[in-house]
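Asks: This is the structure, below, for whatever I ask next.
The values are calculated or read from the model by the stated rules, or taken from the named source; none is laboratory data. This is a predicted model, so every value here is computed, not measured. No Cβ is skipped: glycine too gets one built from the backbone with ideal geometry, and neighbour counts run over all protein chains shown.
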Amino acid sequence: MPRLVRDVATVFSREISPELRSPVGIVLTMGQPLLFLVLFGSMLAGTGANLGAGTGDVWQWFVPGILVMMCLMGPLSAGHGMLSELNGGQMERFLVTPISRTSLVLGRTAKDAVTLFAQALLLTAVAIPLGMSLHLPGALATMVLLIVMAIGLSALSCVLAIASRPGGNLFWMVTQMLIFPITMLSGILLPVGAGPGWLSAVAAINPVTYIVDAARALFAGDFLNTSVLHGLIAATALAVIGLFLSTRAMKRCGRPVGSA
Amino acid sequence: MIRAEGLRRTFKAGKETIEAVRDVTFGVATGELLALLGPNGAGKSTTLRMLTTLLPATAGSVRIAGFDAAREPGRVRELIGYVGQKNASGENHRIRDELVTQGRCHGLSNGKARRRADEVLEILGIGDLAARTPSTLSGGQRRRVDIALGLVHNPRVLFLDEPTTGLDPHSRAALWDRIQLLRRDHGITVLMTTHYLDEADLVAERIVIVDRGRVIADGTADALKAELAGDRMHITASDTGAARTAAGLADRMPGVSEVTAEGRTVHVRIADADAALPAYLRLLDRAALTVTRAGVRRPSLDDVFINLTGRRLEESGDAYATATMTTATTTDEPIGAPHA
């Protein structure tokens, strides 16, 4: 087995083992998206609004958005975990071993991807009794797309954690400031098209918008929609940028803050 | 086994450049236990971080078992164990899981890592804690876990950064017993930092004193005391006049380096005071001087530090509660030079 794969597996299994020991945590951390799904979604479905859902029903329009929402917030856990281990002695302990620096990020990112996949399955399953009609290949394809995005975001959150040393304030400032506007401006809860023109213009530079559009098309089984291609490009770009920056940051991470 | 040559490390804090380590050169022989002693902020931890590949040196070089830390950090990492100042086991992880992970980080197979995890748990006497998470452990137990993590891969060199800070005297003694056992059974080389004088005095075979980023002394505790502080003897005469005469007589004795008269008392710094005092008393007797009290004091490492710097070691550096082997503290604050 190549060294890197082995090292990633080591980090991944360390990160996943507490989750496996108390799997209820996986449900607890998806509380917010679940609330949005059950409460907000039910109301939205009740309004009977035309959301530009195309072929699908309201639920098929709404659920992929909530999946994206979950995949925006979930990956922060990698950075959060890393931040506390950077401030504690744990990261130093790994850095003094020959383990590949890259694997310290990739292992965490992989753990995020796996937990998010489990959560996405769970969330989708909850939506079925609420009235959503399921297109299984579409739903699975959506999840693959979102996992690609989540890997990028997870890696970026590690970069942010490394940059936030030692206090960690920067990490919380940036994430709190970004998550909500990105959620609003990507049309997760309501269609961006319902807002004024300037709003659509802003949404057009938000990569998540393309991923949301792609997720909706895929979720309804519309694989050949051009938005799928755009979304895939946006998600892949996020992943590539995230992995590139995080690998670079990790290699420099042994140095203390303010090192010359 | 360890060779640090002209180590230097600067940090940027805003526009200011801080020289954490200015010039550190020393070596540690195979199997030796060396203590880097110095006040908080002296550059001990920064030096240790350079020795363990965690921090690149601004200048100078580090060789561990012949491998250059800058050119072959991978080889160096295979050979060393490092126990930092902070607790190294993850809050949500079981102790044994962490040890297995650590073994795998060092390239051990799953089975080998498990066997080694059980072995080091046994060596450090914490086998009963294997299934617990760190938050349920006492400070002394956590420290043992940290040391176990540093030993999983059978390192030839163990670096300990303030290993006993925050521990009560009992845990401290127990920890040292374990470390001495390891040295006896496995012959590993140990380099530790400490700002506890008594600890350095008691456990270290050799002491390197660091102050303001420089090595200011290097030797065994006895040699440092003899060369840099010297024994002291003192007598109390019947009156100040007699004391002055006694001081004059002391000045002519062989091996004397310093004589001070203070009221009726005379302080003499002299080599081998145990032997010098009886001779001095005979001298005073022959001069018909009455001596009411006499005594000998062995110098402490603090005397050595005062002689070198004009400051007391435990009052130098940051305003951090000082503790000796006899005072227990329960805090576990990060201290020392800048660290991540």
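Asks: Give just the number: which of (1) closer than 23 Å to B:Leu182 by Cβ; (2) within 13 Å of chain A (Cβ to nearest Cβ); (3) assigned to a loop (DSSP other than H, G, I, E, B) does B:Arg49 not satisfy?
Replies: For B:Arg49, the exception is condition (3).
Asks: Here is a follow-up. In region B:81-110, which residue that is within 7 Å of chain A (Cβ to nearest Cβ) and among the hydrophobic types (A, V, I, L, M, F, W, C) is farthest from the chain's Cα centre (by Cα)?
Replies: Only one residue tops the list, namely B:Cys105.
Asks: Answer yes if at least one residue in region A:231-249 is in contact (Cβ under 8 Å) with a residue 24 or more places away in the chain and within 14 Å of another protein chain (Cβ to nearest Cβ), and no otherwise.
Replies: Scanning region A:231-249, I find at least one residue that is in contact (Cβ under 8 Å) with a residue 24 or more places away in the chain and within 14 Å of another protein chain (Cβ to nearest Cβ), so the answer is yes.
Asks: Considering only residues that are under 24 Å from B:Gly74 (Cα atoms) and touching a Leu at 6+ places or on another chain (Cβ under 7 Å), look in region A:83-124 and name the one that is farthest from the other protein chains (Cβ to nearest Cβ).
Replies: Looking at the filtered set, the residue picked out is A:Thr102.
Asks: Is at least one residue of region A:197-208 surrounded by 15 or more Cβ atoms within 10 Å (Cβ to Cβ) and within 30 Å of A:Arg101 (Cβ to Cβ)?
Replies: yes
Asks: Have a look at B:Val268, B:Val296 and point out the one that is touching a strand residue (DSSP E or B) at 6+ places or on another chain (Cβ under 9 Å), at pLDDT 90 or above and either of a type in the set (Lys, Arg) or over 17 Å from B:Thr240 (Cα atoms) (or both).
Replies: Exactly one of B:Val268, B:Val296 is touching a strand residue (DSSP E or B) at 6+ places or on another chain (Cβ under 9 Å), at pLDDT 90 or above and either of a type in the set (Lys, Arg) or over 17 Å from B:Thr240 (Cα atoms) (or both), namely B:Val296.
Asks: So, B:Arg22, is that one under 16 Å from B:Val208 (Cα atoms) and either more than 11 Å from chain A (Cβ to nearest Cβ) or in contact with a Cys (Cβ under 7 Å, 6 or more places away or on another chain) (or both) or not?
Replies: Here the answer is yes, as B:Arg22 does meet what is asked.
Asks: Just checking, does region B:202-218 include any residue being farther than 30 Å from B:Ala271 by Cβ and either in the same structural domain as B:Ala88 (by TED's automatic domain parsing) or among the basic types (Lys, Arg) (or both)?
Replies: Checking region B:202-218: at least one residue is farther than 30 Å from B:Ala271 by Cβ and either in the same structural domain as B:Ala88 (by TED's automatic domain parsing) or among the basic types (Lys, Arg) (or both).
Asks: Look through B:Leu191, B:Leu175 and report the one residue that is in a helix (DSSP H, G or I) and crowded, with 18+ Cβ neighbours inside 10 Å.
Replies: None of the other options fit; the residue is B:Leu175.
Asks: Right, something else. Restricted to region B:52-62, and to residues that are farther than 21 Å from B:Met192 by Cβ and within 10 Å of chain A (Cβ to nearest Cβ), which residue is surrounded by the fewest Cβ atoms within 10 Å (Cβ to Cβ)?
Replies: Looking at residues that are farther than 21 Å from B:Met192 by Cβ and within 10 Å of chain A (Cβ to nearest Cβ), I get B:Pro56.
Asks: Still on this structure, please answer the following. May I ask you to verify whether B:Leu182 is out of contact with any Phe, Trp or Tyr (no Cβ under 6 Å at 6 or more places or on another chain), surrounded by fewer than 21 Cβ atoms within 10 Å (Cβ to Cβ), under 24 Å from B:Arg3 (Cβ atoms) and in contact (Cβ under 8 Å) with a residue 40 or more places away in the chain?
Replies: yes
Asks: Identify, from the list B:Gly103, B:Gly140, B:Gly125, the residue that is in the same structural domain as B:Pro73 (by TED's automatic domain parsing), in contact with an Asp or Glu (Cβ under 8 Å, 6 or more places away or on another chain) and touching a residue at least 12 places away in the same chain (Cβ under 8 Å).
Replies: Exactly one residue qualifies, and that residue is B:Gly140.
Asks: Residue under question is B:Arg71, and the condition is that it be more than 13 Å from every other protein chain (Cβ to nearest Cβ), part of a loop (DSSP other than H, G, I, E, B) and among the charged types (D, E, K, R); does it hold?
Replies: Criteria met by B:Arg71.
Asks: Can you work out which of the residues in region A:151-190 that are surrounded by fewer than 18 Cβ atoms within 10 Å (Cβ to Cβ) and part of a loop (DSSP other than H, G, I, E, B) is nearest to the other protein chains (Cβ to nearest Cβ)?
Replies: For region A:151-190, the residue satisfying everything is A:Pro166.
Asks: Is it the case that some residue within region B:124-138 is more than 8 Å from chain A (Cβ to nearest Cβ), touching a Lys or Arg at 6+ places or on another chain (Cβ under 8 Å), assigned to a helix (DSSP H, G or I) and farther than 27 Å from A:Pro2 by Cα?
Replies: Within region B:124-138 (the criterion being more than 8 Å from chain A (Cβ to nearest Cβ), touching a Lys or Arg at 6+ places or on another chain (Cβ under 8 Å), assigned to a helix (DSSP H, G or I) and farther than 27 Å from A:Pro2 by Cα), the answer is yes, since at least one residue qualifies.
Asks: Right, something else. Quick check, is B:Val266 assigned by TED's automatic domain parsing to the domain that holds B:Gly60, part of a strand (DSSP E or B) and not charged (D, E, K, R)?
Replies: No: the conditions fail for B:Val266.
Results for (1) surrounded by 21 or more Cβ atoms within 10 Å (Cβ to Cβ); (2) in contact (Cβ under 8 Å) with a residue 60 or more places away in the chain; (3) in a helix (DSSP H, G or I), shown as yes or no for each residue.
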| site | (1), (2), (3) |
| --- | --- |
| B:Leu158 | yes, yes, no |
| B:Thr164 | yes, no, no |
| B:His170 | no, no, yes |
| B:Val208 | yes, yes, no |
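Asks: Restricting attention to region A:3-18, does a residue exist that is under 18 Å from the mean Cα position of the chain (by Cα), surrounded by fewer than 23 Cβ atoms within 10 Å (Cβ to Cβ) and either more than 10 Å from chain B (Cβ to nearest Cβ) or under 27 Å from A:Thr142 (Cα atoms) (or both)?
Replies: Yes, the conditions are met somewhere in region A:3-18.
Asks: Among the residues that make up region A:171-189, is at least one of them under 27 Å from A:Gly46 (Cα atoms) and among the small types (Gly, Ala, Ser)?
Replies: yes
Asks: Taking region A:21-35, which residues are more than 11 Å from chain B (Cβ to nearest Cβ) and part of a helix (DSSP H, G or I)?
Replies: A:Val24, A:Ile26, A:Val27, A:Leu28, A:Gly31, A:Gln32, A:Pro33, A:Leu34, A:Leu35 - these are the residues of region A:21-35 that are more than 11 Å from chain B (Cβ to nearest Cβ) and part of a helix (DSSP H, G or I).
Asks: Kindly indicate which of B:Ala29, B:Ala65, B:Ala35 is in contact (Cβ under 8 Å) with a residue 40 or more places away in the chain, more than 10 Å from chain A (Cβ to nearest Cβ) and under 13 Å from the mean Cα position of the chain (by Cα).
Replies: Of B:Ala29, B:Ala65, B:Ala35, the one residue that is in contact (Cβ under 8 Å) with a residue 40 or more places away in the chain, more than 10 Å from chain A (Cβ to nearest Cβ) and under 13 Å from the mean Cα position of the chain (by Cα) is B:Ala35.
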